[in-house]
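Remarks on the structure that follows.
The values are calculated or read from the model by the stated rules, or taken from the named source; none is laboratory data. This is a predicted model, so every value here is computed, not measured. Quick reminder, even Gly has a Cβ in these numbers, built from the backbone with ideal geometry, and neighbours come from all protein chains shown. Just the protein is used for accessible areas: all its heavy atoms, side chains included, with ligands, DNA and RNA removed. Shrake-Rupley method; radii C 1.70, N 1.55, O 1.52, S 1.80 Å.
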Amino acid sequence: MTGRKPTSFDIAQLAGVSQPTVSRALRGSTTVSAATRARIQAIAKQLNYTVDRAASNLRSGRTRTLALLLFRDPSPGHTLINPFFLGMLGSMMGACAEAGYDLLISFQDFSSDWHVDYEDSHRADGLILLGYGDYAQYRARLEQLVAQGTRFVRWGSVAAGQPGLTVGCDNVAGTAEATRHLIARGRRRIAFLGDATDHYPEFHDRYHGYAMALADAGLGVDPALQVPALSSEEEGERAARELLARGVAFDAIVAASDLIALAAMRVLHASGRRVPDDVALVGFDDIPAAGFASPPLTTVAQDADGAGRLLIDTLLAELGGRPRRSVLLPTQLMVRGSTGA
């Protein structure tokens, strides 16, 4: 073997086994006895043998790569990535590394043909989808992914009858708890800043939780206290100004995201409204900036680290043909100064 790179056939000869046995042993397959695996691994280490990933992938028909597609925010500011998604990346990369996969991260414009590009190019074995804009348009592309056999999982609202696999948090329970928290602190005129249509299902679920908590407390839902907004600071500022311009009385705000809430806080301060004395404020996501606001923002926390790992685990189960299902994760209310804590 002098002057050339050792191969799995060399290991097989030295170990007295077949080359397929070597391949299985180096993958950690339990079809090879523990003693034989240990002998093969020791010989591979002695020869400084490394697996030829390209050749292995070619034989298996797999790339050993997962593609994370991040969609550009459709808001006026065109934020490239929601800060909440950043919290997922570390655990996603860690889960991929542990499973022997690479993670390809790619920004996408919703208007592009992302739903066919990866299937045609065979750049990845499966897709993780984060962010998507208008779900009414997005759903048709998910249905196309299912029809063409693409393996994928997405982060979003979990509901029956949706195409493919979804991992998401309990948006309804999260905002219901946040709204009950405000009611317990004596707030009665509670506004909601966020879209409340099925075009944006996560926000729609959050609005439903807000309305449900008001109804349970015997408080009516006033349409004048709901202002549509997407998840960006620009949208949050616009929505807060519109709420003030309507001239309706309000003593609290449930915002559909922390970005909306933090922007609304600035608008309230500029208008002379004190947080939380005049207006209590709750966000959703628990992005890092929430804890550094003045006052610190009470918010509904999603487990970004756990969510990232679960997205990868769910997709790998799909690729491996193992039982899998959509998953709804719990939330936690983080009570801080913006509601008088």
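Tabulated values for the structure
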quantity: Single residue of segment 210-227 satisfying the filter (in contact with a strand residue (DSSP E or B) (Cβ under 6 Å, 6 or more places away or on another chain) and part of a helix (DSSP H, G or I)) that is surrounded by the most Cβ atoms within 10 Å (Cβ to Cβ); calculated: Tyr210
quantity: Any hit, segment 36-50, residues being more than 30 Å from Arg309 (Cβ to Cβ), in contact with a helix residue (DSSP H, G or I) (Cβ under 9 Å, 6 or more places away or on another chain) and modelled with pLDDT under 70; calculated: no
quantity: Residues (in contact with a helix residue (DSSP H, G or I) (Cβ under 7 Å, 6 or more places away or on another chain), farther than 15 Å from Pro295 by Cβ and buried (at least 24 other Cβ atoms within 10 Å of the Cβ)) located in segment 228-262; calculated: Ala229, Ser231, Glu235, Gly236, Ala239, Ala240, Val254, Ala256, Leu259, Ile260
quantity: Test: residue in segment 275-293 that is surrounded by fewer than 20 Cβ atoms within 10 Å (Cβ to Cβ) and not in a helix (DSSP H, G or I); calculated: yes
quantity: Where a residue in segment 277-288 is closer than 11 Å to Thr179 by Cα and its partner, wherever it lies, is open to solvent by 10 Å² or more (accessible area, probe 1.4 Å) and small (Gly, Ala, Ser), with Cβ under 8 Å and at least six apart; calculated: Ala280/Gly340
quantity: One residue from Val300, Val267 being touching a residue at least 12 places away in the same chain (Cβ under 8 Å) and either at positive phi or touching a Ser or Thr at 6+ places or on another chain (Cβ under 7 Å) (or both); calculated: Val300
quantity: The one condition in (1) modelled with pLDDT of 80 or more; (2) surrounded by fewer than 17 Cβ atoms within 10 Å (Cβ to Cβ) that Ser121 fails to fulfil; calculated: (1)
